[in-house]
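Each reported figure results from applying straightforward, stated rules to the coordinates on display, with no laboratory input. Keep in mind it's a predicted model, so treat the numbers as computed, not measured. Positions of Cβ are generated from backbone atoms using ideal geometry, with glycine treated the same way; all protein chains shown enter the neighbour counts.
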Amino acid sequence: MQKRAFLIGTTAILIVIGLLPVISMLVKSVFQNGHFTLSAYHGLLGSARQWVLIKHSFTLAALVTAFTTVIGVPLGILLGKTDFPLRKLFLFLFVIPLLLPPYVTAVSWFDLLGREGLLAPLLGSTLTQHIGRWLFGLPGCTFVLFSVFLPIPVILTVAFLHTINPRLEEAARSAAGWGRVLKEITLPLIFPAILLSALLVFLLTFGEFGVPNYLRYAVYPVESFTRFSAFYNFKAATAAAMPMAAITLLALIFESAFLREGTYQLQPLPEGAQRMKIHLYRFRSGVVISTTLLLLMIVIVPLLSLIIKSGGFAVYLQAINKAGESLIRSVSYAAIGATLLSILGFFSGYLIRIRAFKFWRSLDSLTLFLFALPGTVIGIGLIRLWNTPRTNFIYATPLIILLGYLAKYTALTSRISVTQLAHIPSSMEEAAQMTGASWLRRMIFIIAPLAKRGLMAAWLVGYIFSLRDTSITMLVYPAGHDTLPVRIFTLMANGSPELIAALCVILIAATLVPATLISLLPLFKRQEVWL
Amino acid sequence: MRKYMPLLLSSLIVASVLGLSGACTRGQKTVKTVTVYVSEDQVFSEPILKDFQKQTGIKVKAVYDTEEAKSTGTMNRLIAEKNNPQADVYWANEPIRAEVLKQKGISAAYVSPNAKDIPSAFKDPQGYWTGFSARARVLIVNTKVKQKPNSISAYLDPRWKGKAVMANPLFGTTTSEIAALFTLWGDQQAKAFMMALKKNKVAVSTSNGESADFVAAGQYDFSLVDSDDGVNRMRQGKPVTIVYPDQQPGQIGCFIVPNAVVLVKGAPHPQTAKKLIDFLLSPQTESKLAFADCAQIPLHAGVKMPPEMKPISAIKVMKVNYAEVAKKMIEIQPFLKSWMGL
Amino acid sequence: MTVIELRSVVKFYHDTIALNSCSLKVEQGDRLVILGASGCGKTTLLRLIAGFIAPDSGAVFLNGKKVSENKTILLPPEKRNVGMVFQDLALWPHLTVEGNLAFGLKAQGINKTEQKLRIRRMLELVGLHGFEKRKPAELSGGQQQRVALARALILQPEVLLMDEPLSGLDYDLNVRLRSEVVHLQEKLGFTLLYVTHDREEAFSIARTVVILEHGHLKFKGDVAQAKRLLQL
């Protein structure tokens, strides 16, 4: 009874928070003066140009997905499974580009490599010109978005590596070297992680507007965005966002085709099991050098350029002065948002994991659809739905921002929970059932503690994405309650570049500090076996 | 202790969520407030609003805008919130938006006492919007360019083929100016101008600010931008200068973009809204904005301003009717979209 | 008195038939061992009685009351007075021995003093006196088995199901624990259903032996009869 109520409640919350605003936009887009009409959709995908845009978006998304997966998965294995020195530090540093709105990263690259950029005197004018041509267009977009989204496969790989039953690797290692074991045992076992990260990166890149717009690569989201920004035409903008739904569906079908039922069933990890680690021996120095080079290239250099541009202590004081309040708000909203996201994601993941209802697949697809949809559409939908005198207690307060986070990012925490729950043997819950304990008691006292690593991971991911959100927050934040990324954007118009750079550095710090604190908690101590 | 963790955690969550909600709705009754959505750059508008708050004790809650190409902003909010307005005042950075709001029935008429001395070309006759502190659409030119362009027709000059940039004509003041040209020249000539821009390989940036940065960085020789973008780069010490275009007899004059203040229809706090509007339209505010980095031109006569600044009376102004321009802007949308290749 | 009854129970596992029109009656206080090779449906039978799965057709009765039939579970596991020791023991690693034992008592609303008393008594009974504060990871295999047993028995169930609980233990430990199980059953009087594939284990525990082969109840009788059947 309790179980049913909770799971139906979870579904209802997701529908009300996420689906309803979007449906209300959809419905409004097909009605003009009370008549049903598809005029807003007319001309959508009609022109050849729009197909070109879709092709561009696809190409960009495919390239970024390919590069991040091919480099991110081995990097994850390196940082999660070998004796690479200072693993945690490297992991943190690689995550940094994900913490900023991608547009900001693109701008910092221009500041570095542009004709009057920081590196221009070093590189000379002809080289700078060549770089300029490369920076603006597909190569530049691919590079910037690659650096922004690389953390996703890395983090997911590291997380899933923790879930492999060491017995399986041990058995293989007694017969073959690590190369073969990785290729034939380890990688197939973490295949769901690889697929999931590819799916997320693809959706995020496909929906990315700011970077390609700045770097002059014409992509499809421009269509929806322009119809909002330039013409204030909500109907047309909604219509233009709908192909995103089709793309998400396609991606999901693609994913499930690869994930044949049962083949990649995640195994519960025997308690106290010790993970296997790889010694790098003679490869060590080569690997460390190349990884450090990669880190320098995509993280350190732009980060340093930000820090250098921000100038001295005085600028940071000024930054705190101008944006201190929005920083505090950002951190609190993100923290509360992450907590709510973890809880909602936990129950949603449970529902999907145990296939409680026939529509479990639709619930998973719903969360991913909302993730893929442009934040603008969700934002306007939220305004339309919640901006009424009766619901003012939600709309005129930061609660509306939290609703936005819940709508857009539950897919992440839900999928993480599904994976984590797969590691808990069903006998754990069944043993609790046999003692007569109610479902809620079992969830709170048995399942949740056993799932705590996954819950922490979900919290961190929810925190990062909530903190860096701009598209939804921009539209719904109550007057006087702006967040730090929003303020960075508003101050960018004629604000001093030093101030903006300082604010970006502060934003990065605001994200890394909780992550560091959490990782230091004893939750994450595990014994490791060297072989 | 362990046992109470879930209870503690859940009460913490509920408390913080309620606290967020309560903190906002509480206290609204005791302190006077006004909510303003601002399209003028935060860097310039925030000090003015802070002054108002200090002077009157009325708490100002602001929503600031971003450059159009970065994200959707305050206009969309205003329009989406039509049925339950949250904003009291809208501080538009150009009158076209104010006109759009009038056409969509989102603004209310209010003739401020401070509007009296503002020239009629820069305000709505019924008081649906009133202009103040204007920008001029100017050419920002890199100092290394020897013979500087002095008209927007420089964009068509083969001398500058591939060397000029313009902000995306779908957004902001660029759209307004192009719509103004359409009303001035008529559709045929204006369309020909646009097509010629393409032929002369004029680059398109995402915003005026970006155009200014490109010119300052030497990537392009000149661009049509707002005067505040130009002055801002000059004061940062960048190698640029500004030129007021088309000032000679027989030329069309410079497109002037005043700020426009709008009273929102159904504003939750109409009394404080009117006070804020009066404050914004005052000569003192115009003086502050003239001395600020945005260097905006006062529309009241005799306002104190920096000596190097040209008063509005000394500039040849492009003669257009903003209401017509707003209508034209909507009309030419499909053309602009296809011009941009969308 | 019949405590457990299965009537013509059919259960499919994917496409293979796990239980093929199985009918079985278990008397109160019996020690019934279900013997059979792996994959013959033994675990399925236990899970049906526990209430985790429902028969595709046929019905399950507990104390004369129908608890599952025809794809429906009429009485969920937490409401059947049945205890279970799982094959992987399923001890909760984040709780101490005391925590594992107390969980069910708390759920029943039993007060703290009574809890502590029962736990102490039960631990003494299984020979783990003083082990309250240990965590499962700190216990040996045999000790873990006993905790799992204690956890199931502390709620004084009418029926105890055990699914190959002693597999993987060394011979001496196995023998010792077997006799402890028998001792407990005689002392406390619950009905025991015990699943194993090991004949020696089966014969040393059982009063009644049931042999399952490919979902069929091939034999039900006492140990002597079973031995004769299997020509031992």
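Would you calculate the separation in nanometres between label points at C:Gln87 and C:Lys112, each defined as 7 Å from the Cα along the Cα-to-beta-carbon direction? In this crude label model, C:Gln87 to C:Lys112 measures out at 4.1 nm. Note on region C:1-100: dipole from Cβ charges, positive end direction compared against C:Leu45, C:Phe61, C:Pro93; the farthest Cα belongs to C:Phe61. Expressed in nm to one decimal, what extension gain is obtained for the pair B:Ser338 and B:Gln188 from 0.36 nm per residue of sequence separation less their Cα-Cα distance? Separation in residues times 0.36 nm, less the Cα-Cα distance, equals 52.4 nm.
Structure note, pairs A:Lys235/B:Lys316; B:Lys54/B:Lys304; A:Lys408/A:Lys452; A:Lys235/B:Lys328; B:Lys198/B:Lys328; A:Lys277/A:Lys309: Cα-Cα distances above 29 angstrom occur for A:Lys235/B:Lys316; A:Lys277/A:Lys309. Partner aspartates and glutamates whose Cα lies under 12 Å from the Cα of C:Lys133, excluding those fewer than 8 positions away in the same chain, are identified as C:Glu98.
Database remark: amide H of B:Met166 closer than 5 angstrom to the amide H of B:Ala203, B:Val204, B:Ser205 (H placed geometrically; neighbours at sequence offset of 5 or more, or on other chains; Pro and chain starts carry no H). Rounded to the nearest 20 debye, the dipole size of region C:1-131 about its Cα centre is 340 debye, using +1 on the Cβ of Lys and Arg and -1 on the Cβ of Asp and Glu. Listed from fewest to most Cβ neighbours within 10 Å, the set A:Tyr409, B:Tyr220 follows the order B:Tyr220, A:Tyr409.
Is there a simple number for the mean count of other chain Cβ atoms within 10 Å of the Cβ of residues in A:488-501, and what is it? Show your work: numbers first, answer last.
Numbers: counts 1, 8, 16, 6, 8, 19, 17, 5, 4, 2, 0, 1, 0, 0.
That works out to 6 on average.
Taking amide hydrogens as placed 1.01 Å from N in the peptide plane, the amide H of C:Gln87 sits under 5 Å from those of C:Asp163, each at least 5 positions away in sequence or on another chain. Label 7 Å along Cα→Cβ of A:Ile15; region A:393-427 residues with amide nitrogen under 17 Å? Inside the label zone: A:407. Taking a straight line from the alpha carbon of B:Lys288, these aspartates and glutamates sit under 20 Å away, with near neighbours fewer than eight places off in the same chain left out: B:Glu40, B:Asp41, B:Glu46, B:Asp51, B:Glu94, B:Asp117, B:Asp226, B:Asp228, B:Asp229, B:Asp278, B:Glu308. Close amide H contacts of C:Ile17 (hydrogens built in the peptide plane, cut-off under 5 Å, sequence separation of 5 or more or a different chain): none are found.
Fully extended, how many nm does the chain gain between A:Met1 and A:Leu187 (0.36 nm per residue separation, minus their Cα-Cα distance)? All intermediate terms of the calculation are to be shown ahead of the outcome.
Values: separation 186, 0.36 × 186 = 66.96 nm, distance 4.06 nm.
Here the answer is 62.9 nm.
Charges were assigned to the Cβ only: +1 to each Lys and Arg, -1 to each Asp and Glu. The resulting dipole of region A:45-300 about its Cα centre is roughly 320 debye. Computed from point charges on the beta carbon alone (+1 for Lys and Arg, -1 for Asp and Glu), the dipole magnitude for region B:45-150 about its Cα centre is near 360 Debye.
The calculated P(r) of region C:99-194, using every Cα pair and 10 Å bins from 0, goes 15, 49, 32, 4 in percent. Each residue of region C:206-221 was assigned a 3J(HN,Hα) from its phi angle through the Karplus expression (A = 6.51, B = -1.76, C = 1.60, θ = phi - 60°), giving 6, 9, 10, 10, 10, 10, 9, 9, 6, x, 9, 7, 7, 7, 9, x Hz with x at Gly and Pro.
Mean partner shielding of peptide A:99-110, defined as the number of other chain Cβ atoms within 10 Å of each residue Cβ, is 1.
Modelled spin-label separation between C:Val223 and B:Lys316, with each label point placed 7 Å from Cα along the Cα-to-Cβ direction: 11.8 nm. 3J(HN,Hα) along region C:172-181: 4, 4, 4, 4, 5, 5, 3, 5, 5, 4 Hz, from the Karplus curve 6.51 cos²θ - 1.76 cosθ + 1.60 with θ = phi - 60°, whole Hz, x for Gly and Pro. In straight-distance terms, cross-link reach from C:Lys66 covers every one of the aspartates and glutamates whose alpha-carbon lies under 19 Å from its own, apart from those fewer than eight places away in the same chain; here that gives C:Glu5, C:Glu27, C:Asp56, C:Glu78, C:Glu158.
Counting, for every residue in A:339-345, the Cβ atoms of other protein chains within 10 Å of its Cβ and taking the mean gives 2. Full extension of the chain between A:Phe359 and A:Ile300 gives 16.7 nm of extra length, using 0.36 nm per residue less the Cα-Cα distance.
Listed by Cβ neighbour count within 10 Å, with the fewest neighbours leading, A:Arg453, A:Arg4 appear as A:Arg4, A:Arg453. Taking Lys and Arg as +1 and Asp and Glu as -1, the other residues whose beta-carbon sits under 13 Å from that of B:Ile58 total +4.
First measure r as the distance between the Cβ atoms of A:Lys28 and B:Val111, then evaluate 1/(1 + (r/R0)^6) with R0 = 30 Å and state the FRET efficiency to the nearest 0.05. If you can, show how the numbers build up before the last one.
Values: r = 35 Å, r/R0 = 1.17.
After rounding, the FRET efficiency stands at 0.30.
Here region A:45-300 is treated as a sphere whose radius is the Kirkwood value from Cα pairs; by Stokes-Einstein at 25 °C and 0.890 mPa s it diffuses with a coefficient of 120 µm²/s.
The simple spin-label model puts a point 7 Å past each Cα toward its Cβ; for A:Ser47 and A:Glu325 those points are separated by 4.3 nm.
Near A:Ser414, once Lys and Arg are set to +1 and Asp and Glu to -1 for all other residues with Cβ below 13 Å from its Cβ, the sum equals +3. Shown is the FRET efficiency for C:Gln231 and A:Lys452, computed with R0 = 60 Å from the Cβ-Cβ distance and rounded to the nearest 0.05: 0.65.
Considering only the other residues whose Cβ falls under 14 Å of the Cβ of C:Asp172, what net charge follows from Lys and Arg at +1 and Asp and Glu at -1?
Details: positive: C:Arg176, C:Arg178; negative: C:Asp170, C:Glu180, C:Glu200, C:Glu201.
So the environment of C:Asp172 carries a net charge of -2.
The calculated FRET efficiency for the pair A:Ser426 and C:Ser57, based on their C-beta separation and a Förster distance of 22 Å, comes to about 0.35. With a cut-off of 20 Å on the backbone N, the residues of region C:15-39 near the modelled label site 7 Å out from C:Lys65 along Cα-Cβ are C:25-29.
Based on alpha-carbon centroids, what's the gap between region B:98-155 and region C:24-55 in Å, whole number please? What the calculation gives is 86 Å, centre to centre. Taking θ as phi - 60° and the Karplus parameters 6.51, -1.76 and 1.60, the scalar couplings of region A:238-255 work out to 5, 4, 5, 7, 5, x, 4, 4, 4, 4, 4, 4, 4, 4, 5, 4, 4, 5 Hz in sequence order, x denoting glycine and proline.
Going from the fewest other Cβ atoms within 10 Å to the most, the residues C:Trp92, B:Trp91 appear in the order C:Trp92, B:Trp91. Value of Rg to Rh for the protein assembly as shown, rounded to two decimals, is 1.07; Kirkwood radius and Rg both from alpha-carbon coordinates.
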